[in-house]
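What follows is one structure encoded as structure tokens, with my remarks underneath.
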Amino acid sequence: MSTSSQTQFRYTQTPSKVLHLRNLPWECTEEELVELCKPFGKIVNTKCNVGANRNQAFVEFVDLNQAISMVSYYASSSEPAQVRGKTVYIQYSNRHEIVNNKSPGDTPGNVLLVTIEGVEANDVTIETIHLVFSAFGFVHKIATFEKAAGFQALIQFTDAETASSARNALDGRSIPRYLLPDHVTSCHLRISYSAHTDLNIKFQSHRSRDYTNPYLPVNPTAMEGLMQVPVVGPDGKKQEPQSNVLLASIENMQYAVTVDVLHSVFSAFGTVQKIAIFEKNGGTQALIQYPDVTTAAVAKESLEGHCIYEGGYCKLHLSYSRHTDLNVKAYSDKSRDYTISDLSLLATQGPAAMQAQPSAGQVPAWDPSLQARPSYGSVPGTVPGQAYQASAVPTYMNAAPPAGSSPLSQPGATSMRMPPPGGAPLLGQPPYYGQ
């Protein structure tokens with residue numbers, strides 16, 4: 001008889017508080033079983049991935065009536081029990097308890113694994129977690145992280161007794177509403193025991209904390225998250241945390257985009273400290289670091305969606321990066337650290353190490369006779385009076401883009417004067433990739 005023609009239940013068996021589930025998805029997890037069964041009662045034990053195909057499982061309820069309730073519900077329901085879209089066949093088991101199958105999560109220990117359902121990582125701070133759990137005893141350490149199951153935390157107590165007290169009181173409960181952001185409508189704690197006994201916390205940060213070691217170094221990059229309170233937009237959705245580093249994705253690349261080009265564009269809004277260009281997922285991206293978040297925010301708002309060149313070429317899409325201080329080790333056309341005046345401290349990369357004599361049509365490096373470059377036109381929406389200033393670092397291009405193309409073209413902007421086709425490029429103009 002095919003699986004599709006099998007009945008979902010067998011009524012001839014004696015009821016048991018242990019249910020046998022068949023036709024489960026491959027390697028169905030304990031969490032998925034509990035999620036299916038918990039509306040009918042408390043689950044005290046499970047046995048997953050049983051059978052040659054690992055698609056069967058046993059679930060034990062604390063009470064017989066709870067198991068009967070689940071079987072009766074799905075027997076009369078027009079909607080079958082399902083896990084990951086697969087129909088699950090349910091019957092009473094011949095056994096009346098699951099023996100010797102205690103998972104690590106059921107073995108008492110001094111460290112709890114807490115899954116916080118219904119929230120994202122920045123919705124619940126480590127201070128809130130500490131406040132909730134310290135009501136049951138001294139909390140030694142906390143580490144938070146994100147997994148497939150959601151936002152989770154490891155919480156270390158002095159002993160298993162204190163941890164058990166916290167688990168028994170809080171498992172299935174919600175964090176008090178007044179401790180949560182306004183946009184969080186529900187938040188539940190799912191708690192089990194961890195196999196860890198002593199968490200290894202290397203830094204004090206917004207993701208980890210060691211309350212036993214006040215001399216532990218602080219991670220400045222991670223601690224910045226403490227200052228970033230989630231902002232909710234008019235549509236009720238959480239906006240991305242701001243940063244002093246912008247991530248630029250560049251589409252429709254018909255011209256080369258080097259650090260000098262990006263420096264010319266982004267330095268209009270403030271001092272650019274570092275730039276790094278890289279390839280990802282078949283596209284070109286760049287990280288641009290400013291001294292502060294405010295400057296980065298102005299640049300992002302002004303440049304988002306604009307094109308570096310006329311004709312829709314090199315269009316910028318900007319977002320905030322999680323980085324706060326770029327680690328730039330090389331001086332090249334792909335990376336630059338403008339905070340280091342002594343270039344010998346950086347490894348020099350690029351064609352001829354960017355130190356060879358310029359060929360015909362190229363601009364020599366640091367030529368004192370060079371005249372000041374014409375500035376870019378003002379950008380609509382930027383700080384009044386702000387204009388694109390010349391980059392302090394000359395470029396080394398040897399091909400000119402077609403006549404009529406100019407950097408950062410947009411309505412109202414004044415185009416730069418371009419050389420005739422085939423002539424030497426103006427300082428800062430990138431080569432043209434194709435005709």
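The figures follow:
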item	result
Among the listed pairs Lys38/Lys86; Lys38/Lys147; Lys280/Lys300; Lys47/Lys86; Lys147/Lys274, those beyond 24 Å (Cα-Cα)	Lys147/Lys274
Highest-first arrangement of 32-39, 79-86, where packing means the average Cβ count within 10 Å	32-39, 79-86
Computed accessible area, Arg54, all protein chains, 1.4 angstrom probe, square angstrom	90
Fraction of antiparallel bridges per DSSP, the stretch 111-218 only, in percent to nearest 5	95
Radius 14 Å from Cβ of Ser69, net charge of other residues (Lys, Arg +1; Asp, Glu -1)	+2
Proximal aspartates and glutamates relative to Lys334, as straight alpha-carbon distance under 13 Å, when same-chain residues fewer than 8 apart are discounted	Asp260, Glu279
Relative contact order %, the stretch 111-218, counting alpha carbon pairs below 8 Å whose residues are six or more apart	38
Accessible surface of Cys48 - all protein chains present, 1.4 Å probe, nearest 10 Å²	40
Accessible surface ranking that places the most exposed of Glu31, Glu60, Glu279, Glu161 first, with a 1.4 angstrom probe	Glu161, Glu279, Glu31, Glu60
Accessible-area order (highest first, 1.4 angstrom probe) of the listed residues Leu113, Leu131	Leu131, Leu113
Column: log10 I(q)/I(0), Debye, Cα scatterers of the stretch 40-194, q = 0.18, 0.21 Å⁻¹	-1.15, -1.28
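The values are calculated or read from the model by the stated rules, or taken from the named source; none is laboratory data. Worth saying up front: this structure is predicted, and the values here are computed from it rather than measured. Virtual Cβ from ideal backbone geometry, glycine too; neighbours counted across all protein chains shown. Ligands, DNA and RNA are stripped out before the accessible areas are found, and what is left, the full protein with its side chains, is counted by its heavy atoms. Shrake-Rupley method; radii C 1.70, N 1.55, O 1.52, S 1.80 Å.
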